[in-house]
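Note sheet for the following structure.
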Amino acid sequence: MIVVRTKDATLVVHTRRRVEQNGDWVPRDSTESWDPRATAVIVCDVWDAHHCLNAVRRVEEMAPRMNEVLRAARSRGVLVIHAPSGCMAAYEGHPARERARTAPTAANLPADIGAWCRRIPAEERVEYPVDQSDGGEDDDPVEHEAWHRRLAGLGRNPRAPWLAQLDALEITADDAISDSGVEIWNLLESRGIANVVLLGVHTNMCVLGRPFGLRQLARHGRNVVLMRDMTDTMYNPARWTFVSHTRGTALLT
């Protein structure tokens, strides 16, 4: 997704898709009008810490603008769903957590909506654009080691140090909190939400693969888009395709 603006209480959404044309994949822009009350934004894994220090730096740089986006969406009636995976204990009893947890079970609940989705058929037709086999970490080795020592000193697991969502992103009582594909699907269905915007980190891992991520929602018929300038990737420029991190992110989005 490129831009979102409002007109007469309707969200005017400019989208870009890649379509096959003469054996190649080319971008195609289009414009859609969405009812904000039938729209949700899912904030994927914007954690308060990460095992990659450079990933933390990039998220902290992006977070103030992301919070502005969420405020604007919320003010227009869009449901904001915060999804910091593995951090639900931090929100026990929060009204936003209860909203997701108690959503009624949907009649059309997909059997696999609680599972990761690592690939969909459309991906079989293209080459994955980057090598992320090393996890995509691009830290300086000395800084990386110091960062892990710091995390351990704080009593956090250096390989999985997240405990909550980054504080820079506001959570209101009108929002929802969940890291469950089942809960989020039930919530979307119970509120008649047809359109979903995903933002957060990281596009090539969590945003694509989570049970509430791009692949699962797309394969089950939800109208879902990625907000391209409000996400990041885990990509190490020392790996193929040997381009900058910024360029690697662009290749994935």
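The values are calculated or read from the model by the stated rules, or taken from the named source; none is laboratory data. Keep in mind that this is a model prediction, so the values were computed, not measured. Positions of Cβ are generated from backbone atoms using ideal geometry, with glycine treated the same way; all protein chains shown enter the neighbour counts. Side chains included, ligands, DNA and RNA excluded: accessible areas come from the protein's heavy atoms. Shrake-Rupley method; radii C 1.70, N 1.55, O 1.52, S 1.80 Å.
One line per residue, one yes/no per condition, for (1) of a type outside the set (Val, Ile, Thr); (2) within 18 Å of residue 207 (Cα to Cα); (3) open to solvent by 70 Å² or more (accessible area, probe 1.4 Å); (4) touching a His at 6+ places or on another chain (Cβ under 8 Å):
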{"position": "51", "(1), (2), (3), (4)": "yes, yes, no, yes"}
{"position": "62", "(1), (2), (3), (4)": "yes, yes, no, no"}
{"position": "66", "(1), (2), (3), (4)": "yes, yes, no, no"}
{"position": "73", "(1), (2), (3), (4)": "yes, no, no, no"}
{"position": "85", "(1), (2), (3), (4)": "yes, yes, no, no"}
{"position": "127", "(1), (2), (3), (4)": "yes, no, yes, no"}
{"position": "130", "(1), (2), (3), (4)": "no, yes, no, no"}
{"position": "135", "(1), (2), (3), (4)": "yes, yes, no, no"}
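Looking at segment 184-203 only, could you name the residues that are of a type outside the set (A, V, I, L, M, F, W, C) and either under 10 Å from the mean Cα position of the chain (by Cα) or surrounded by 24 or more Cβ atoms within 10 Å (Cβ to Cβ) (or both)? If you could, list the steps in order and put the result at the bottom.
First, the residues of segment 184-203 that are of a type outside the set (A, V, I, L, M, F, W, C): 186, 189-192, 195, 200, 202-203.
The answer is 200, 202, 203.
Of all residue pairs spaced 6 or more apart or on separate chains, none has beta-carbon atoms under 6 Å together with a first member in segment 235-253 that is open to solvent by less than 30 Å² (accessible area, probe 1.4 Å) and a second member that is basic (Lys, Arg) and assigned to a helix (DSSP H, G or I). A residue that is of a type outside the set (Val, Ile, Thr), in contact (Cβ under 8 Å) with a residue 24 or more places away in the chain and either in contact with a Lys or Arg (Cβ under 6 Å, 6 or more places away or on another chain) or more than 30 Å from residue 10 (Cβ to Cβ) (or both) occurs somewhere in segment 99-111. When the residues of segment 122-158 are filtered to those that are charged (D, E, K, R) and assigned to a loop (DSSP other than H, G, I, E, B), which remaining residue is modelled with the lowest pLDDT? Going through the qualifying residues, I end up with 127. Residues in segment 207-229 that are farther than 20 Å from residue 28 by Cα and of a type in the set (A, V, I, L, M) were compared, and the one that is most open to solvent (accessible area, probe 1.4 Å) is 208.
Return the residues of segment 185-207 that are assigned to a helix (DSSP H, G or I) and either without any contact (Cβ under 8 Å) to a residue 12 or more places away in the chain or out of contact with any helix residue (DSSP H, G or I) (no Cβ under 7 Å at 6 or more places or on another chain) (or both); say none if nothing qualifies. Let's see the steps before the verdict.
First, the residues of segment 185-207 that are assigned to a helix (DSSP H, G or I): 185-190, 203-207.
185, 186, 188, 189, 190, 205, 206, listed by residue number.
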